[in-house]
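Asker: Sending over a structure as structure tokens; questions will come in a sec.
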Amino acid sequence: MEYNFESDIKFLTGDKALRKSVGEINDIGCRRIMLVCDEMSERVGQIDDMFRQLNKELNIVEKFNRIGERATVSDCEKALRAFKSNDCDSILAVGKKSAMAVAKAVKIMLKDDVSFISNYRTCTVNNISSVRIPLIVVPTNLSSGTEASNFVRIYDTENNEIFEFDTCFAQTNLIILDPIMTDTLPPKTIAASGLYALAMSVMSLAAEEEVCPLAKVYSVTAINLLTENMKKCILQNKVKSFRFRILLASILAGYAYWQTPKDILSELTDRISDRYRADYGNVFCVLFLRYINLHKWSADFDTDALINLIGDNEYLVIKENTSGRNVVADTVNNYYVRMKKLVDYVDSLKDLGVERGHFADIASDVINSSEREGGEYTFSFIMQLLEDSY
């Protein structure tokens, strides 16, 4: 199979996907692979599970596993040196969001022949390159959906800065979704992951700008998987098949959402999660639940795409003379309320340690740094959203 390394993502999913991936990985041209993983994924044994499936058939010459909760500049530059010193030619990333970010950053730096991320303070990513670095990703239950995106966020902890990249050169080439990589997680963690995926799916459907055609397909599929499996997964979290479908939904939702232009939710979530070191998905979900009541849904929003996928009408709310906008808000709210009866997930900014006194600063920061004006990028709209979310 031929790969276009600027646009193609191939998915291998299902039982024994890791075992079946060996031939695909070799076909891409991976001869000397660097494994990038976070400390948690190795500590809980997920890396060992993966190696047992691969049966030592891949030539992994370097393992870079010194990655914490956040992908830092130091992590990326150390990983780059490890890649070069071992003459690697490809990257296998396993685990959480931070590991994915480091792997993508290394791929970008290799393409630009840049040794320090700080060089990007004065220049942008070069859009032309003949360098091809295959990137294979193995997500886990703690997926954020960014595995299938071109978006990368790296933290400079020494200078209190953040580097953001959104480039086709951060593209994943092969995503391997294997049920064996889905550990049994507490219901609260499953709910947080699934509700975040649902929020991303609805937001990608609501995007007013023209987006990748696959985004809508993936959003609809993710909603279907979530509404059919979330309740089952929370109540029977030891069943591997349910956990796997939530993982798949997260990846599809992430692909769909990160293919759309940044919106007010992602802008606000970036700043709140950075300021308070709060979980990104939790912040996003809290804001989303209030956003759906404030957003002026366009007349051509595909309400049917949402309505037809809520699982035997279990979550659908249609009141007499209701508008399409209210159908969306009421149905999604009903879904979240029902999940709340099953598991106590975070549902306010106050619970995440956010201080109301910082709202004005957060709103001003978003408006000043954004290229958009008016609409939802106004001080009054953002303040109302933050107040409602508190």
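Asker: Go through (1) of a type in the set (S, T, N, Q); (2) closer than 26 Å to Val328 by Cα; (3) in the same structural domain as Val22 (by TED's automatic domain parsing) and name the single condition Thr227 misses.
Answerer: Looking at each condition in turn, Thr227 falls short on (3).
Asker: What pairs come out if I take residues in segment 226-251 that are free of Cβ contacts under 8 Å to residues at least 40 places away in the same chain and pair them with residues that are buried (at least 20 other Cβ atoms within 10 Å of the Cβ) and of a type in the set (Lys, Arg) whose C-beta lies under 6 Å away, six or more apart or interchain?
Answerer: Note: pairs meeting the criteria are Asn229/Arg245.
Asker: Could you list, in sequence order, the residues of segment 334-352 that are in contact with a Phe, Trp or Tyr (Cβ under 9 Å, 6 or more places away or on another chain), in contact (Cβ under 8 Å) with a residue 40 or more places away in the chain, of a type outside the set (Lys, Arg) and assigned to a helix (DSSP H, G or I)?
Answerer: Across segment 334-352, the qualifying residues are Tyr335, Tyr336, Met339, Leu352.
Asker: I would also like to ask the following. Residues of segment 43-57 being surrounded by 19 or more Cβ atoms within 10 Å (Cβ to Cβ) and over 18 Å from Asp15 (Cβ atoms), which ones?
Answerer: Ile47
Asker: Only one residue in Arg275, Arg243 is of a type in the set (Lys, Arg), in contact with a Ser or Thr (Cβ under 9 Å, 6 or more places away or on another chain) and at pLDDT 85 or above, so which one is that?
Answerer: Numbers: Arg275 fails: in contact with a Ser or Thr (Cβ under 9 Å, 6 or more places away or on another chain).
Within the list Arg275, Arg243, the selection yields Arg243.
Asker: Can you confirm whether Met230 is in a helix (DSSP H, G or I) and modelled with pLDDT of 90 or more?
Answerer: On the way: in a helix (DSSP H, G or I): yes; modelled with pLDDT of 90 or more: no.
Answer is no for this residue.
Asker: Return yes or no: is Glu39 surrounded by fewer than 20 Cβ atoms within 10 Å (Cβ to Cβ), under 21 Å from the mean Cα position of the chain (by Cα) and at pLDDT 85 or above?
Answerer: Details: surrounded by fewer than 20 Cβ atoms within 10 Å (Cβ to Cβ): yes; under 21 Å from the mean Cα position of the chain (by Cα): yes; at pLDDT 85 or above: yes.
Yes: the conditions hold for Glu39.
Asker: Take segment 97-130 and flag every residue that is among the basic types (Lys, Arg) and modelled with pLDDT under 85. Outline the logic, then answer.
Answerer: Kept after step one, since they are among the basic types (Lys, Arg), are these residues of segment 97-130: 97, 104, 107, 111, 121.
The answer is Arg121, and nothing else.
Asker: Could you count how many residues in segment 242-281 are small (Gly, Ala, Ser) and within 18 Å of Lys350 (Cβ to Cβ)?
Answerer: Here is the first cut: in segment 242-281, the residues small (Gly, Ala, Ser) are 249-250, 253-254, 256, 266, 273, 278, 281.
Those left that are additionally within 18 Å of Lys350 (Cβ to Cβ): 273, 278, 281.
Matching residues across segment 242-281 total 3.
The values are calculated or read from the model by the stated rules, or taken from the named source; none is laboratory data. If you're wondering where the values come from, they're calculated on a predicted model, not measured in any experiment. Here Cβ is always computed from backbone atoms with ideal geometry, including for glycine, and neighbour counts include all displayed protein chains.
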